[in-house]
Amino acid sequence: MRNISRFRLPGDGEDETSIRDVVSAHLPDALLRTLHQLAGGETDFSAFRHRVETIVTRYERNEIMFSHMPKKDKASQLRKLEAAAYKLLSNMDGLATEIQDELSVPLTTIPQEAWEGWTLDDPMPEPIDGFEEAMVHVSRILRVTRNSLDQMNAHSATSRLSLNRALDRLIEDWASIYEFGTGTAAISACNYLPMRDEYGGDFFRLMVVFMDAYAPKGYFSEGALGQRIRRVLAEEA
């Protein structure tokens, strides 16, 4: 139902009002009335609609701002670069001196910074060995790539759940609407039912109804959503 790619941040040809207009068009009255009942059904419906449009517009903007390449794809590309840089560095280091000298001639340059402040009265800047400089650059690429992989591995080891800040904020916003309409803490209306091995509760159902209708690809599974709701609201408390 929803296509994130049609939204752009203000300043890139799209402003807050136009994003909200698109959001409003994708929140049918029937869906909103169902959500209104799940959120207590006591508040003014027009005010409820306005509030929902506000939080969903924020969700769309957060989706854009927080979007990033999947970790497994990023890690795969970094590992390929690491392997290629290591292989190139090893091959360069293993070349015969004669070949290194031959390659160094066309690669030898005078670094740009050596020309800064230079005048005709100054001696010519000293050129640097192009081949050795190339090896230095490859070594830097290898080191930076390995550092990035190490940081990703360290973050994965300490991360409890996948990062989805846009969804976390949406859960907090819906919890605020639910608590205002029902006078009940949202976290108490999202509970794990061990006998059924599933989550239940009015707030959990509200989130499932909304996500299934508006952003069905915005969460992995009902179990994962229930776990995320409990985690987000426990941290907020």
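The values are calculated or read from the model by the stated rules, or taken from the named source; none is laboratory data. As the structure is a prediction and not an experimental result, all values here were calculated from the model. No Cβ is skipped: glycine too gets one built from the backbone with ideal geometry, and neighbour counts run over all protein chains shown.
Annotations
- Considering the stretch 37-96, the residues that are in a loop (DSSP other than H, G, I, E, B) and surrounded by 13 or more Cβ atoms within 10 Å (Cβ to Cβ) include one that is farthest from the chain's Cα centre (by Cα), namely LEU95.
- Tabulated pairs, the stretch 112-139, first part of a loop (DSSP other than H, G, I, E, B), second of a type in the set (Gly, Ala, Ser) and modelled with pLDDT of 80 or more, C-beta under 9 angstrom, 6+ apart or interchain: ASP129/SER104
- Residue in the stretch 115-124 that is at pLDDT below 75 and either over 30 Å from GLY223 (Cα atoms) or in contact with a Ser or Thr (Cβ under 7 Å, 6 or more places away or on another chain) (or both) present: yes
- Boolean, LEU225 is crowded, with 19+ Cβ neighbours inside 10 Å, in contact with a Leu (Cβ under 8 Å, 6 or more places away or on another chain) and in a helix (DSSP H, G or I): no
- Long-range neighbours under 8 Å by Cβ, at least six apart or interchain, first residue within 10 Å of GLU222 (Cα to Cα) within the stretch 197-208, second in a helix (DSSP H, G or I) and of a type in the set (D, E, K, R): GLU198/GLU222; TYR199/GLU222; VAL208/GLU222
- Residue count, the stretch 203-237 (criterion: closer than 22 Å to ASP29 by Cβ and of a type in the set (Asp, Glu)): 1
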